[in-house]
Structure formats: structure tokens, C-alpha cells
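One structure is given here, and the rest of the page talks about it.
We did not get these values from a lab; they are worked out from the coordinates using the rules stated. What you see is a predicted model, and the numbers here were worked out from it, not measured in a lab. Cβ placement follows ideal geometry from the backbone for every residue including glycine, while neighbour counts extend to all protein chains displayed.
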Amino acid sequence: MTERTSSACVVGLGTVGLPTAALLAQAGHAVCGAERDPARRAAIVHDDLVEPELTGIVRALVASGALAIADAPAPADVYVIAVSGTATDPWSALEAASRQVGAVAPPGALVLVESTVPVGGTARVAGWLGRDDLDVAHVPERGTPGAMLSELRHLPRVVGGLTPQATARAVAFVDGVLGDTVQPTDATSSELCKLVENAARDVAVALADEVASIAEAVGADAATVMRLANQHPRVDLLRPGTGAGGPCLPKDTHWLVDGAPTQAVLFRTARARNEARPAAVADRVVALAAEVDGPVACLGVTYKPDVADARGSTAAEVVRQLQARLPGRVRVADPWLGAGDGRVGVAEAIDGAAVVVILVAHTAFATLALPAGAVIVDVPGVRA
Ligand SMILES: NC(=O)c1ccc[n+]([C@@H]2O[C@H](COP(=O)([O-])OP(=O)(O)OC[C@H]3O[C@@H](n4cnc5c(N)ncnc54)[C@H](O)[C@@H]3O)[C@@H](O)[C@H]2O)c1
């Protein structure tokens with residue numbers, strides 16, 4: 001068997017697993033994608049996926065037989081586990097997937113854990129596999145929804161095996177297919193590196209929001225202060241926002257803090273700050289809305305700009321709080337999600353609005369014509 005042209009089984013065909021399976025199939029591996037959720041299996045074949053490029057690629061690979069979709073893992077030379085845990089339950093999905101793989105993997109198979117895991121997670125996977133004849137490595141990814149396919153292909157990738165042999169095999173498998181430059185290390189370093197990357201971004205978000213809060217409190221314009229501060233060659237503040245949500249940052253920071261409660265003081269503080277941020281934004285809007293009559297238009301409910309993805313969105317949390325505190329006044333729109341599910345179109349939302357609250361820095365909001373006379377709350381400073 002050569003790692004370059006083997007059979008592969010990707011377990012979990014979500015945001016990360018599906019493009020991973022597609023790239024492996026394109027590279028010539030015979031790929032089985034195992035997905036336990038029937039609705040997701042149907043969507044993969046029949047619906048438009050979040051990334052338009054991926055939709056066409058997956059359809060073609062499935063039609064040609066290069067990518068087979070199944071409901072459970074099948075025998076393969078290499079497994080890629082890409083299931084996800086939650087902040088409070090890191091393990092259930094990973095344990096179930098690992099036990100399934102352990103039951104069907106042929107002797108000598110390579111098992112790659114693409115999931116983000118708390119430190120020690122790769123060793124736990126090895127325990128759940130229940131086998132001493134498999135090589136196991138952690139191969140976290142850094143892709144972002146909306147650009148997952150190209151980022152999986154081209155970003156440098158850290159690979160950390162439980163043994164030097166597992167690391168070497170994982171590097172050979174991943175290199176050039178799931179990452180341009182592969183950095184070998186051990187499993188613990190790889191696990192910690194992935195958590196630190198996301199937790200560091202959580203801290204950066206908290207810092208930007210704190211600067212914005214201070215600017216507001218002292219009567220300065222946050223966007224101006226941040227733009228000027230960023231002219232310093234060694235300062236790089238992010239835009240302010242509604243906190244940090246999405247599928248990864250909150251849970252990864254929680255896992256990092258839980259694993260090192262004594263050391264992770266700054267990370268814990270940043271997470272608490274980010275969790276308090278939606279309420280702070282809502283407080284500000286409620287205070288401004290009390291000064292005027294009329295609708296309050298909330299623009300943007302995705303978890304980050306320019307994607308149709310609202311998982312764990314803190315902008316959506318701000319909207320929920322405003323709907324509770326300003327009953328009957330709140331209109332919601334997001335050009336990336338469209339109307340429906342309580343949302344209207346952007347033009348309808350802002351028509352005659354007394355307050356317009358921009359919650360997400362969608363590019364389209366930078367030049368959107370807003371109603372004259374409305375109070376504008378540009379939380380991310382997208383129009384500055
Ligand atoms: N989405 C991101 O932007 C992103 C970025 C970096 C890292 N990650 C990490 O990658 C991992 C996967 O994230 P995701 O966003 O793709 O998750 P996801 O929830 O989109 O997909 C996981 C999929 O796995 C399926 N699944 C769970 N258990 C299964 C099993 N035993 N057999 C078959 N299918 C099973 C689920 O039904 C789901 O479709 C997570 O650890 C996440 O933290 C995600």
C-alpha cells in the first residue's frame with residue numbers, strides 16, 4: 001500500500017469533512033464519505049452547498065463513483081475523522097466515530113483526526129479505536145467556511161502523530177493534497193497549536209470590542225480611533241463587533257481554558273468578555289431606540305461577514321435580545337441568508353426605519369443607501 005493512492009474513508013461530511021473527501025477523491029484516492037445524518041447525506045447530493053465550487057465538484061465525483069456516500073465507515077487504508085464536539089461535550093461524537101472506525105479498520109490502517117480536540121484527544125481516539133495495530137495522528141485544519149476548499153488545499157498544515165511512524169505516514173498522506181506545506185510535530189503540540197490559534201483570535205476579538213467600548217464611553221468614534229491606532233506599524237486591531245461566535249472559537253477557547261485552568265487567565269477573560277458583548281450591544285441599541293419612535297432595522301445575522309452561515313452567531317443573539325426588549329419594533333435582514341425565517345429583505349427592513357443597526361461587516365453594507373434621518377449604529381464600523 002502506498003499512502004499516495006490508497007482507499008480513504010472520511011467520517012463526518014460537514015463543513016470540513018466534505019471538502020476533505022472531495023480533495024482526496026480528486027487526488028486519486030478511492031473515497032468513502034461516511035455521514036450518519038440522512039438529511040445531510042441527501043443535501044450533499046441534491047442541494048446547493050455553501051461553497052458553489054464544491055457543489056459541482058462533489059456532484060461530479062459522486063456521479064463518477066470516485067466519492068461514495070455511506071451512512072457508516074467502511075474498510076479503508078486511511079481514515080479521516082472530521083466530526084465535531086461542542087463546548088460542553090467534546091467527546092461523544094468523537095468516541096462514537098472512533099469506535100466505528102476501530103470495528104472496521106483493516107490491520108495497519110492510518111487514522112487521522114481532523115477534528116479539533118482538547119489536548120489529549122488523539123490519545124483518547126487511539127483508546128476508543130481499541131486496536132494496537134493502527135497508526136493515529138492529529139491533522140487539524142485551518143479552513144474557513146466560504147473558502148474551505150481552497151484553504152484546505154493551500155494553507156500550511158500541522159501534523160502530529162502519536163508516534164514518529166504515525167507522523168511520517170500522516171505527512172506522506174496529507175502533503176500536497178490537504179495542505180501545501182506540512183509541519184510535522186507530536187500530537188500534543190498539534191492539539192494545543194489548533195486550540196491556541198482559535199483562542200488567540202478570541203482574544204483579538206475581545207480586545208477590539210474592549211477598545212470600541214472604551215471609545216464609546218469617552219465619546220470618541222471607535223472606528224476612527226482604531227484606524228488611527230492601526231497606523232502604528234506593530235498594532236493590528238480587528239474591527240469591533242458583537243462578540244465571537246461561530247462553530248469553533250467559543251468551544252476551542254473553552255477547551256483550552258478547561259485544560260489549563262490555572263494558566264489560561266487571559267483566554268478565560270477574553271471568552272467571558274465576548275460572551276457579554278451581545279448584551280452590551282443590545283443595551284446601546286435599546287438606549288438609542290428609546291429616544292425615537294419607529295422600527296429598528298437589524299442588518300446581518302451571520303456569524304461572520306460575507307457567508308451564509310449563522311451557526312453560533314452573536315449578531316443573531318443581539319437580535320434575539322432586541323426582539324425581547326423592543327417587542328414589535330425589530331426588523332431583521334441579511335443579504336446572505338435572504339428573506340424567510342423571520343427575516344425580510346434589506347430594502348424592506350430599512351424602509352422608514354428609525355434606527356438602523358449594522359451587526360455584521362458584510363461588504364454590501366459599506367455602500368448601502370440608508371434612510372436619511374435614521375439613527376445609524378454601525379457596530380463593526382463597516383462604513384467608516
Ligand atoms: N467549520 C469550520 O469552520 C471549522 C474550522 C476549523 C476546524 N473545524 C473543526 O473541524 C471539525 C468538524 O467541524 P465541521 O464544522 O465540519 O462540523 P459539522 O458539524 O459541520 O460536521 C460534522 C458532521 O459529522 C457527522 N457525524 C458525526 N458523527 C458521525 C459518525 N459517527 N459517523 C458519520 N458522521 C458523523 C455529523 O452528522 C455532521 O454532518 C470540528 O472539530 C471543528 O471544530 C471546523
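Full extension of the segment from His154 to Arg99, taken as 0.36 nm per residue of separation minus the current Cα-Cα distance, would add 16.7 nm. Between rounded, prolate and oblate, where does the stretch 3-180 land on the alpha carbon gyration tensor, with a ≥ b ≥ c its root eigenvalues, rounded for a/c under 1.5, else prolate if a/b exceeds b/c? It comes out rounded by the Cα gyration axes.
Pairs of alpha-carbon atoms within less than 8 angstrom and 6+ residues apart define the contacts here; what relative contact order does the stretch 3-180 have, in percent?
Values: 361 pairs, mean separation 38.9, N = 178.
The value is 22 percent.
The Cα center of the stretch 199-250 and the Cα center of the stretch 302-317 differ in position by 18 Å. According to the square roots a ≥ b ≥ c of the eigenvalues of the Cα gyration tensor, what is the shape class of the chain, taking rounded for a/c under 1.5, prolate for a/b larger than b/c otherwise, and oblate for the remainder? Taking the square roots of the gyration eigenvalues as a ≥ b ≥ c, the chain is prolate. Relative contact order, whole percent, for the chain stands at 11, derived from Cα pairs under 8 Å and 6 or more residues apart.
What FRET efficiency do you get for Asp221 and Ala272 if R0 is 35 Å and r is their Cβ-Cβ distance, rounded to the nearest 0.05? About 0.85, to the nearest 0.05.
For the pair Leu368 and Gln263, a Förster radius of 41 Å applied to the C-beta separation gives a FRET efficiency near 0.40, rounded to the nearest 0.05. Helices in the chain, meaning DSSP H runs of at least 4 residues, each add -39500 (n - 2.57). Divided by all residues, the mean residue ellipticity at 222 nm is -13500 deg cm²/dmol. For the chain, a simple Cβ point-charge model (Lys and Arg +1, Asp and Glu -1, everything else neutral) yields a dipole of about 260 debye relative to the Cα centre.
Based on Cα contacts under 8 Å between residues 6+ apart, the stretch 233-384 shows a relative contact order of 26 percent.
Here's how it looks for Asp378: its modeled amide H is under 5 Å from those of Ile358, which are all 5 or more places away or on a different chain.
For the pair Arg142 and Leu228, what calculated FRET efficiency results from E = 1/(1 + (r/R0)^6), where r is the Cβ-Cβ distance and R0 = 35 Å, to the nearest 0.05? For Leu228 and Arg142, the calculated efficiency is 0.70. Using θ = phi - 60° in the Karplus curve 6.51 cos²θ - 1.76 cosθ + 1.60, the 3J(HN,Hα) couplings for the stretch 12-21 round to x, 9, x, 4, 9, x, 5, x, 4, 4 Hz; x is entered for Gly and Pro. A straight chain from Asp283 to Glu197 at 0.36 nm per residue would run longer than the Cα-Cα distance by 27.9 nm.
Taking a ≥ b ≥ c as the square roots of the Cα gyration tensor eigenvalues, with a/c under 1.5 meaning rounded and otherwise prolate when a/b beats b/c, else oblate, which class fits the stretch 1-97? Oblate, since a/c reaches 1.5 and b/c is not below a/b. Across the options Val344, Val318, His362, the greatest Cα extent toward the positive end of the charge dipole of the stretch 311-366 (unit charges at beta carbon of Lys, Arg, Asp, Glu) belongs to Val318.
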